[in-house]
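Quick notes on the structure that follows.
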Amino acid sequence: MSYRSRLKYGIFPAIITAVFILQGFSGKDQQFSRNIFNSLSPQDTIKKKVRWPGSFGLGRSAGQKYIDSLDIDVRPDGQGLPPGAGTVKQGQAIYLAKCLVCHTGKSSRGRASAAESPGPALITDSLSGARVKTIGNYWPYASTVYDYINRAMPYNAPGSLSPDEVYSLTAYLLYANKIIPADAVMNAKTLPRVKMPAEKMFVPDDRTGGAVIR
Amino acid sequence: MKFKSEEKQKARALQQKGASAEQITTTLQQKDAKAEQIVTTLQQKDASAEQIATTLQQKDASVQQIVTTLQQKGAGGEIAATSQQKSGTRLKKTQIPLFEFDTPQESGISLPAPNGSKISRRTLLAGMATAVVVLVQTSAGKAFQAAVPERELYDDPTKKLGPPPGKLGTRSPHEKLFKLPSGTSSRTPLQDLYGTITPSDLHFERNHAGVPAIDPDKYELLIHGMVEKPMIFKLADLKRFPSVTRICFLECSGNFRTGRETLSPQEICGLTSQTEWTGVMLSTLLREVGVKEKASWFLAEGSDAAVMTRSIPLSKGLDDAMIVYAQNGEAVRPEQGYPARLLLPGWEGNTSVKWIRRIELSDQPFMTREETSKYTEPVNGKYRQFSFTMDARSIITFPAYPAKVEKGWIEIRGIAWSGRGKIRAVEVSTDAGKSWKLADISGPVLDKAHTGFRYLWQWNGEETLIVSRAIDETGYTQPTYKQLQQARGAGGGYHYNPITAWIVKRDGQVLLNPDRA
């Protein structure tokens, strides 16, 4: 068989087969073709679930004790706050002992403030026009103060504070930002009632893509 | 016929080659003797190489002294401000080695590396400017190390046997690829990369209390809250579920810098990287625990020392969210969340919580620190919250500072990406935005992924501005700084994705146009 005729007889069946396959993909079996072409898409994996078992039987159920040992979050409505309480005075003492080493009360521009007061990133007395975001001018919920100190502070010993200590520090910082009075006591009932000045400043994201720049 | 004559020719050629093979064998035997001679010479040279190494160390120390003196003298103010960005630039300009030299110890040279590990004598020699270590092997199979001056080695690589196959690949000592670290983040060298996948060791980093050390055998993911059946999954469980692999970018939403001409893409927006991730769809796991009807959000919590948390709308969790355990073909690296992390394609990097240990379903957001006092941005006197999606952006990575170019044909290259889907087009201007041309994006164009673009340009040698802008499939066009400023009434903050313009100077030096235009 000549090279030319080989080409001739080889290519024709190939074209016919190709047409046949393409027809098969585009026409009769759309489900099949979709799976082939979208096999890398996560969406497709979700769709395939119809054929999955009710459960894969992997993992184990979590008991309440296990959940409680990890479930440390506190919501603005107070859910998650533990028993305990703290005062402004107690909070100031703990602040001096455990926080001042980092939150020195000196701003980056070298402006010194009283040694016993919190650092500039934590307090302010003005809601607008301030260059530094603080608890007083920027934090929308008091619960976040408790939650964050509890989970991440002090930086060199995270998670080491007792609920009473965290309530006390929260009280002190809210007082230092002129949000609660000096004699306020913070606990699971009083903390969710603290209204933060910055709450009204927050708006949800309104960007949607498309031509408009937001 | 054509075929047969060709075969005959081939046969003849083969016969001739047979003869030459014998000649080669003879030559090889002769060369073998020569090789042994070379080896002896090399051994002698080994001693001088070490001398050179020692001299270099001494010189290096003096360079550092000079640098330090210069810093103290010249840039007192700059140093006082402990700007990581600046220290990074200094490093680049002066080319200080990334490890500092100690006095050589008696037992050989042992040096502290940036990661705290020791650098061996061998590594040191290999990294030296004028000396490298090679394995030399004779035909008898005798192999040993010998140090040779670099110039001699690279004069003709075909005359020197290279090292045998090893356990781990290496980068060529000629390739200097480094992240640019600060106290809280580390940036990808976008200007040094090709294609769109970020090598795992160059993936950007942002963490809030360091990189935790997690034992994969003890790792557990708890899913609880508004679910039918709270469950714990071990790493092995996660790996047994149906897996998904996808490519997408991951970008920190605080990824914009400007202000001076000498900023590289790495410094301007190096907090974006791209990876092929593998893991299990979060929807697959949520199916196992059974989501209660009223659930609308979930909390994702990491097991780092900040126990970092973000609230995520459940709709994203059921859409394309994943729990990933692999990055570019291997286990996720510790800096990227080993052994498992959340991955929310197209969303600000902070929401893709690393080292994830807990997911709690809820009917409201938790208002954690990272979604209230951080990762919110000023917009017309208010603070925009839960701004998750990364808008479309692009940057020319070549030519870009610190590159210097020559007149003539230049392929302008860069990356474009959008958290809202695919890149539809990238436009390039070589006349400061007066006219725009479509760039070639014929490489892979994937959903929520860095997309490479190229534009062939003949530079006439005159000073000009070169600019790129991305257009995504929603029809969004990457804005200018001014457009963003006007729309938001703010000149910065998270989610700032303006067009980057590069000045090409007459001498070929490329600089960032720092004008907030």
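The values are calculated or read from the model by the stated rules, or taken from the named source; none is laboratory data. Please read all numbers here as calculations on a predicted model, not as lab measurements. Cβ: placed from backbone, ideal geometry, glycine included. Neighbour counts: every protein chain shown.
Of all residues in the stretch A:168-214, count the ones that are of a type in the set (Val, Ile, Thr) and either farther than 21 Å from residue A:89 by Cα or free of Cβ contacts under 8 Å to residues at least 24 places away in the same chain (or both).
Kept after step one, since they are of a type in the set (Val, Ile, Thr), are these residues of the stretch A:168-214: A:170, A:179-180, A:185, A:190, A:194, A:203, A:208, A:212-213.
Remaining after also requiring either farther than 21 Å from residue A:89 by Cα or free of Cβ contacts under 8 Å to residues at least 24 places away in the same chain (or both): A:190, A:203, A:208, A:212-213.
Count: 5.
State which residue is farthest from the other protein chains (Cβ to nearest Cβ) when the search covers only the stretch B:355-395 and only residues that are of a type in the set (Gly, Ala, Ser) and more than 20 Å from residue A:72 (Cβ to Cβ). Give the derivation first.
Of the stretch B:355-395, the ones of a type in the set (Gly, Ala, Ser) are B:362, B:373, B:381, B:387, B:392, B:394.
Restricting the remaining residues to those that are more than 20 Å from residue A:72 (Cβ to Cβ) gives B:381, B:387, B:392, B:394.
Numbers: B:381: 8, B:387: 4, B:392: 8, B:394: 15 Å.
Selected residue: B:394.
Before we move on, is residue B:418 out of contact with any His (no Cβ under 6 Å at 6 or more places or on another chain), within 26 Å of residue B:273 (Cα to Cα), among the polar types (S, T, N, Q) and within 14 Å of chain A (Cβ to nearest Cβ)?
Values: out of contact with any His (no Cβ under 6 Å at 6 or more places or on another chain): yes; within 26 Å of residue B:273 (Cα to Cα): yes; among the polar types (S, T, N, Q): yes; within 14 Å of chain A (Cβ to nearest Cβ): yes.
Here the answer is yes, as residue B:418 does meet what is asked.
Take the stretch A:141-185 and flag every residue that is among the aliphatic types (A, V, I, L, M), in a helix (DSSP H, G or I) and within 11 Å of chain B (Cβ to nearest Cβ). Spell out the reasoning first.
Of the residues in the stretch A:141-185, the ones among the aliphatic types (A, V, I, L, M) are A:142, A:145, A:149, A:152-153, A:157, A:161, A:166, A:169, A:171, A:173-174, A:176, A:179-180, A:182, A:184-185.
Those left that are additionally in a helix (DSSP H, G or I): A:142, A:145, A:149, A:152, A:166, A:169, A:171, A:173-174, A:176.
Hits for the stretch A:141-185 are A:142, A:145, A:149, A:152.
So which residues in the stretch B:264-309 are over 23 Å from residue B:369 (Cα atoms) and of a type in the set (Asp, Glu)?
B:267, B:276, B:288, B:293
On the basis of being without any contact (Cβ under 8 Å) to a residue 60 or more places away in the chain and crowded, with 22+ Cβ neighbours inside 10 Å, does residue B:293 make the cut? So that I can check it myself, show each step before the final result.
On the way: without any contact (Cβ under 8 Å) to a residue 60 or more places away in the chain: yes; crowded, with 22+ Cβ neighbours inside 10 Å: no.
No: the conditions fail for residue B:293.
Within the stretch B:239-331, considering only helices (runs of 4 or more DSSP H) that don't extend past its boundaries, which have at least 3 residues that are closer than 27 Å to residue B:446 by Cα and facing another protein chain (nearest Cβ under 9 Å)?
On the way: elements: B:265-269, B:282-289, B:314-318.
Here the list reads B:282-289.
Determine, yes or no, whether residue B:352 is over 19 Å from residue B:248 (Cα atoms) and either within 12 Å of chain A (Cβ to nearest Cβ) or among the small types (Gly, Ala, Ser) (or both).
Numbers: over 19 Å from residue B:248 (Cα atoms): no; either within 12 Å of chain A (Cβ to nearest Cβ) or among the small types (Gly, Ala, Ser) (or both): yes.
The answer is no for residue B:352.
Being farther than 15 Å from residue B:303 by Cα and among the basic types (Lys, Arg) is the filter here; which residues of the stretch B:222-239 pass it?
Within the stretch B:222-239, B:229, B:239 qualify.
What number of residues in the stretch B:234-265 are crowded, with 17+ Cβ neighbours inside 10 Å and within 28 Å of residue B:198 (Cβ to Cβ)?
So the first thing to find is which residues in the stretch B:234-265 are crowded, with 17+ Cβ neighbours inside 10 Å, and the list is B:234-235, B:237-239, B:241, B:243-244, B:246-258, B:263-265.
Filter once more, keeping what is within 28 Å of residue B:198 (Cβ to Cβ): B:235, B:238-239, B:241, B:243-244, B:246-258, B:263-265.
Residues flagged as crowded, with 17+ Cβ neighbours inside 10 Å and within 28 Å of residue B:198 (Cβ to Cβ) within the stretch B:234-265 amount to 22.
Kindly establish whether residue A:88 is modelled with pLDDT of 95 or more, facing chain B (nearest Cβ under 9 Å) and under 24 Å from residue B:367 (Cα atoms).
Details: modelled with pLDDT of 95 or more: yes; facing chain B (nearest Cβ under 9 Å): no; under 24 Å from residue B:367 (Cα atoms): yes.
Spelling it out, it is not the case that residue A:88 is modelled with pLDDT of 95 or more, facing chain B (nearest Cβ under 9 Å) and under 24 Å from residue B:367 (Cα atoms).
Regarding the stretch A:146-154, can at least one residue be identified that is among the small types (Gly, Ala, Ser) and modelled with pLDDT of 95 or more?
Keep residues of the stretch A:146-154 that are among the small types (Gly, Ala, Ser), which gives A:152.
Of the ones still in play, those that are also modelled with pLDDT of 95 or more are A:152.
There is at least one residue in the stretch A:146-154 that is among the small types (Gly, Ala, Ser) and modelled with pLDDT of 95 or more.
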